[in-house]
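Remarks on the structure that follows.
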Amino acid sequence: MNKREVVWLIVRLVGVYISYCAVVTAFTLAASIWMLFSIPAKPGPPGMVGSADMTDGTRVEPTGIPGITRPEPTPRTAPRPDPAADEAKRERFKDVLWNLFLTVVQGGIGVYLLIYGRILFNILMRENQAAEKEKEPESILLNLT
């Protein structure tokens, strides 16, 4: 194999490796999307005070005269949003965006190197030409002193 064939093989192997990394990152992207959607949502609409089943598990028995309707239950105040849950959701969203970016970039570079790869090929072939130009010129003068 001459140098041109070796460089061509190196470019293709780099393309295969980067494409493999893109496939692995795609699976990581799927997992991070799953994790984003599995985070519990913020608390829903507030429950009603005085309803038959309270959210904490206690049961309120109706009181009053039979046959007379009870007054409408009053809504509970909304609970404060959990800052830890919001932070976790932001972190998962950042993970999804990062994995999406890596998948697209690695996939594009890998496909380019597998199909064309001219830029990397030219860079690797140019290094040899630069080393040949830097050779010192031979002296043809005789030192007779």
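No lab work stands behind these numbers, since they all come straight from the coordinates. Here the structure is a predicted model, which is why all the values come from computation and not from measurement. Here the Cβ positions follow ideal geometry from the backbone for every residue, glycine too, while neighbour counts run over all protein chains shown.
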With ARG118 itself left out, Lys, Arg at +1 and Asp, Glu at -1 over residues whose Cβ is under 14 Å from its Cβ give +3
Residue span ALA88 to VAL16: 0.36 nm per residue of separation minus Cα-Cα distance leaves a gain in nm of 22.4 nm
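Full-extension gain between LEU9 and ILE123, please, as 0.36 nm times their residue separation minus the C-alpha to C-alpha distance. Could the numbers behind the result be given before it?
Numbers: separation 114, 0.36 × 114 = 41.04 nm, distance 1.41 nm.
Gain on stretching LEU9 to ILE123: 39.6 nm.
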